[in-house]
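Below is one structure, written out as structure tokens; comments come after it.
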Amino acid sequence: MKKSVMLLVAANVSGIAVSNAQIVADSLKMVELNAVQVTALRSSGRTPMAVTNVDREQIRSVNFGQDMPMLLSTLPSVTVTTDAGNGIGYTSLRVRGTDPSRINVTANGVPINDGESSLTYFSNMGDFASSVQSIQLQRGVGTSTNGAGAFGATLNMLTEGIAAKPFLGVDVSAGSYASHKETLRFGTGLLGGRFGVQGRLSHIGSEGYLDRATSRLDSYFLQAGYYGDNTSVKLITFNGKEKTYMAWNYTSKYEQSLYGRRYNSCGLYYDADGNMKFYDDQFDNYHQQHYQLHLNHLMGDFWKLNVALHYTHDSYVYDQMKTGKKLYLWRLTDDTSMRGDLVQRKDGDKDFFGMIASANFDNKQGLTANFGGGWNHFNADHYGHVMWVGTPYYKGAEDVPLALPKLQPGMEYYSNNAKKNDLNLYAKVQWEFVRGLSAFADLQYRHVGYTMQGLNDNWDGNAQIRMNLDAKFDFFNPKFGLNYQIAPNHRLYASYAITHREPTRDNYIENWGRSIRSERLYDLEIGYKYQTEQFAAGINLYHMNYHDQFVLTGLLNDEGEAITRNLPRSYRMGIELEAAWQPVDWFRWDANATLSKNRVKDMTITLDDYTTLVNLGETKLAFSPDAIVNTTFTFRHRGFSAMLQGQYVSNQNLTNYGFTSMYSTMTHTRETLMLKSHFTSNLDLSYSFTLPALGVKQARAGVTFYNLLGAKYDNNGWAAPQFQLNANGRVMAVNTWGPGDCDAAGFAPSAPFHFMAHLSLDF
């Protein structure tokens, strides 16, 4: 018992490879065949990188309906966001302060990031965690991987293998805010020891903590596999359909003081009598379908081969109510002063397909090598239509109705196409040239070609932007490191990596007309690990030096996505600490902490006269806390288990200008420009048992209490202050647009105390 528990601790703290022995029993070759598809991309116990592994049991212990980022929220250097406030719906993951578009995400080695935005929308993959066998989070540049380059972290997910024996499982959860989850798991086992089918059906729903922030997530996962003596073929398909009422506007503290903390301004309009209403159809509807075909082959004792084909299709449509807008921006009139209310519809289709491959060599005497790469093609069409328009007017003369001769309900006001080709090749070698001392080298080449054509919904002055982009990038990304196993319990490592990253679609659109540059990152990592049967600990020092980093500005676009822009020089440096202590079989304590410094060099701003430029010197990077601390206490006795988690996140600035507050000229008040520090805790109480008479091999019932102490904190936000010189000639942030912080800041409140009861049955 103690050894198995400490193996889990070592996997958490020391970054050792996760075993797949639970996936397919009875055959070491089957285990090897399942692991081939991620061997080339994952860090091993000797790779000089900062990694954390999460195994199947750890995932199941927290997977009761929340999105994937929430399940990983206590990993080192991680912060999460949730639009709805309770972790269901739109959520995101940040690592070391870097935004989600800089985190490379793969499933079985296949890229998951959106081809244009580089974001991963986990709401489109509802309950995907129920089909995942293991997860590895590499912090920093990490090892070479397929798809977009990692500028903060790499999240590598391996889906479950086909179980040796048939099974049927049911997972149900229900709790606060009408949140619920129903999952049916099934598998045929290996028929004739060779062939099997396994899958899952899931439904997740929630009313959300914020008003109308409802979510409906339907998904399935299905795989069929054949296992030969040295070859396996596996077809995997999974999909997600989500319908989510928008909650991405966030709200000012001033609005919350009027309408409550749960106020959601999305869909707001006023009827003819001046009554506040909310548009019923302000829903985001998205469908994502994935197909993967994997061939894994063992070529003798030393070589393993993986080849995979993949295809993903996305389709989306959503309506938005817009009030008091200038109608020429929707091409409804040539009169630039005419205003009105309207409903816009945005829809589109995306196709993403390609091939990845790797050859993996291990001479069993300290030399391993991985050679691989991939080619991916992305094609997307985007459209915008006007579905309804109210009576137009001129500002200040709302009582005088105007005619709108160009009104054509359903008319198209923009359409554009984007294509992206991504080719990457890599070679990795790890060689133990002296007993205990190994060298690591990883060389990658990436070629990216990106085109955008057509009208966009953004305007430059009085002209609608017509995109005509044809950009090409060639990147060479080298990585080197040393790993020294000083003694059985002591390990020391260091690595240095250079990587590059192309701009995303949003980078181009939101900065149209400006000079757009690719990013470059120099990442230095130095770490030490100590491990015994009862105690494990580690320390990792990192320094990430960026050239032209796309940083979060604090602004949001029309789809609620964070706007970024190039900053010439910036850096992130810090220390990551991890520890696990298992003094007795029934108790374990895990903890990690990150202390960091995240800065922009020579930050400049333009004052509200739109001409004066001021250099602020070195300032803090937005959404980058100086301290993140996690602690987990786990108690187990026979069938009973209790897990108490705690997390502290320090203040996060909403902008890169270094201001923590702004002055409201209307109400003469000081308003915050921060996500203030918070401490939250979760408690899970569970009991496992069997019911042989009912054919239940394993049952687990329990309840999880989230935000146990009821902390009222904000998980995300935006800010757009203006800047003026005060009487002393110093720059100050101000809000002249509305009372308090209205129209200059918005916040995404997290739910206070809430709970989810859960039950799992395995037959």
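The values are calculated or read from the model by the stated rules, or taken from the named source; none is laboratory data. Values in this document were obtained by computation on a predicted structure and should not be read as measured data. As a convention, Cβ positions derive from the backbone with ideal geometry for all residues, glycine included, and neighbour counts pool all protein chains shown. All accessible areas refer to the heavy atoms of the entire protein, side chains included, with ligands and DNA or RNA removed. Shrake-Rupley method; radii C 1.70, N 1.55, O 1.52, S 1.80 Å.
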Worksheet entry | Looking only at segment 72-85, and only at residues there that are open to solvent by 10 Å² or more (accessible area, probe 1.4 Å) and part of a loop (DSSP other than H, G, I, E, B), the one that is farthest from residue 152 (Cα to Cα) | 83
Worksheet item: Does at least one position in segment 613-629 carry a residue that is over 30 Å from residue 730 (Cβ atoms) and assigned to a strand (DSSP E or B)?
Response: yes
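For (1) surrounded by 15 or more Cβ atoms within 10 Å (Cβ to Cβ); (2) polar (S, T, N, Q); (3) in contact (Cβ under 8 Å) with a residue 60 or more places away in the chain, each residue gets a yes or a no:
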{"residue": "244", "(1), (2), (3)": "yes, yes, yes"}
{"residue": "252", "(1), (2), (3)": "yes, yes, yes"}
{"residue": "255", "(1), (2), (3)": "yes, no, yes"}
{"residue": "258", "(1), (2), (3)": "no, no, no"}
{"residue": "270", "(1), (2), (3)": "no, no, no"}
{"residue": "279", "(1), (2), (3)": "yes, no, yes"}
{"residue": "293", "(1), (2), (3)": "yes, no, yes"}
Worksheet, complete the sentence: Residue pairs qualifying under the 7 Å Cβ cut-off, at least six apart or on distinct chains, with the first in segment 380-394 being closer than 10 Å to residue 330 by Cα and the second being open to solvent by 70 Å² or more (accessible area, probe 1.4 Å) and of a type in the set (Asp, Glu), are 384/412; 385/412
Item to complete: Scan segment 474-507 residue by residue and report those that are outside any strand (DSSP E or B) and either under 21 Å from the mean Cα position of the chain (by Cα) or under 26 Å from residue 425 (Cα atoms) (or both).
Response: 502, 503, 504, 505, 506, 507
Worksheet item: Hey, any hits in segment 641-657 for a residue that's open to solvent by 20 Å² or more (accessible area, probe 1.4 Å), closer than 18 Å to residue 576 by Cβ and among the aromatic types (Phe, Trp, Tyr)?
Response: yes
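Is it the case that segment 107-116 has a residue that's in contact (Cβ under 8 Å) with a residue 12 or more places away in the chain and within 17 Å of residue 499 (Cβ to Cβ)?
Yes, segment 107-116 contains at least one residue that is in contact (Cβ under 8 Å) with a residue 12 or more places away in the chain and within 17 Å of residue 499 (Cβ to Cβ).
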Worksheet item: Which one of these is out of contact with any helix residue (DSSP H, G or I) (no Cβ under 6 Å at 6 or more places or on another chain) and surrounded by fewer than 24 Cβ atoms within 10 Å (Cβ to Cβ): 60, 102?
Response: 60
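To keep it simple, each residue is scored yes or no on (1) among the acidic types (Asp, Glu); (2) closer than 22 Å to residue 650 by Cα; (3) modelled with pLDDT of 95 or more.
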| site | (1), (2), (3) |
| --- | --- |
| 528 | no, no, yes |
| 537 | no, no, yes |
| 551 | no, yes, no |
| 557 | no, no, no |
| 584 | no, no, yes |
| 602 | yes, no, no |
| 605 | no, no, no |
Worksheet item: Hey, does segment 512-525 have a residue that's under 30 Å from residue 344 (Cβ atoms), buried (at least 19 other Cβ atoms within 10 Å of the Cβ) and of a type in the set (Phe, Trp, Tyr)?
Response: no
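Kindly provide the set of residues from segment 205-223 that are of a type in the set (A, V, I, L, M) and in contact (Cβ under 8 Å) with a residue 60 or more places away in the chain, ordered by number. Break it down stepwise before answering.
Residues of segment 205-223 of a type in the set (A, V, I, L, M): 210, 213, 217, 222.
Once the filter is applied, which keeps residues that are of a type in the set (A, V, I, L, M) and in contact (Cβ under 8 Å) with a residue 60 or more places away in the chain, segment 205-223 yields 210, 213, 217.
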Worksheet, complete the sentence: Quick count over segment 174-211, residues being at positive phi and within 23 Å of the chain's Cα centre (by Cα), is 1
Discussion item. Which of the strands (runs of 3 or more DSSP E) found entirely inside segment 681-758 contain at least 3 residues meeting this: more than 17 Å from residue 653 (Cβ to Cβ) and either touching a strand residue (DSSP E or B) at 6+ places or on another chain (Cβ under 9 Å) or touching a residue at least 40 places away in the same chain (Cβ under 8 Å) (or both)?
Written reply: 696-706
Discussion item. Among the residues that make up segment 560-577, is at least one of them closer than 30 Å to residue 638 by Cα and open to solvent by less than 50 Å² (accessible area, probe 1.4 Å)?
Written reply: no
Discussion item. Yes or no: segment 26-36 includes at least one residue that is part of a loop (DSSP other than H, G, I, E, B), farther than 30 Å from residue 653 by Cβ, open to solvent by 10 Å² or more (accessible area, probe 1.4 Å) and at pLDDT below 95.
Written reply: yes
Worksheet item: When residues of segment 434-491 are filtered for being open to solvent by less than 40 Å² (accessible area, probe 1.4 Å) and within 30 Å of residue 51 (Cβ to Cβ), how many remain?
Response: 18
Practice prompt. Go through segment 177-189 and give me each residue that's touching a residue at least 24 places away in the same chain (Cβ under 8 Å) and either in a strand (DSSP E or B) or open to solvent by less than 30 Å² (accessible area, probe 1.4 Å) (or both).
Written response: 179, 180, 181, 183, 185, 187, 189
Worksheet entry | Hits in segment 580-596 - residues which are within 20 Å of residue 679 (Cα to Cα) and open to solvent by 30 Å² or more (accessible area, probe 1.4 Å) | 589, 595
Worksheet item: Quick one: would you say residue 418 is assigned to a loop (DSSP other than H, G, I, E, B) and more than 18 Å from residue 144 (Cα to Cα)?
Response: no
Worksheet item: Quick one: what pairs do we get from segment 649-671, first residue at positive phi, second open to solvent by 50 Å² or more (accessible area, probe 1.4 Å) and acidic (Asp, Glu), C-beta under 9 Å, 6+ apart or different chains?
Response: 658/618
Practice prompt. Would you please name the residue that is least open to solvent (accessible area, probe 1.4 Å), looking only at residues in segment 361-399 that are among the acidic types (Asp, Glu) and over 19 Å from residue 314 (Cβ atoms)?
Written response: 362
Practice prompt. Of the numbered conditions (1) on the phi > 0 side of the Ramachandran plot; (2) surrounded by fewer than 16 Cβ atoms within 10 Å (Cβ to Cβ); (3) in contact (Cβ under 8 Å) with a residue 24 or more places away in the chain, residue 347 fails exactly one; give the number of that condition.
Written response: (1)
Discussion item. Just the residues that are within 19 Å of residue 673 (Cα to Cα) and either open to solvent by less than 70 Å² (accessible area, probe 1.4 Å) or aromatic (Phe, Trp, Tyr) (or both), please, taken from segment 618-639.
Written reply: 619, 620, 621, 622, 623, 624, 625, 626, 627
Fill in: Set 223, 256, 288: member being closer than 22 Å to residue 163 by Cα and either more than 21 Å from the chain's Cα centre (by Cα) or at pLDDT 95 or above (or both)
223
Discussion item. Could you tell me how many of the residues in segment 583-638 are on the phi > 0 side of the Ramachandran plot, touching a residue at least 24 places away in the same chain (Cβ under 8 Å) and of a type in the set (Lys, Arg)?
Written reply: 0
Fill in: In segment 271-327, residue farthest from residue 458 (Cα to Cα) [restricted to those that are among the hydroxyl-bearing types (Ser, Thr, Tyr) and in a strand (DSSP E or B)]
291
Worksheet item: On the given criteria, is residue 216 in contact with a strand residue (DSSP E or B) (Cβ under 8 Å, 6 or more places away or on another chain), open to solvent by 50 Å² or more (accessible area, probe 1.4 Å) and closer than 28 Å to residue 757 by Cβ?
Response: yes
Worksheet item: Among 158, 168, which is the only one that is touching a residue at least 12 places away in the same chain (Cβ under 8 Å) and closer than 21 Å to residue 291 by Cβ?
Response: 158
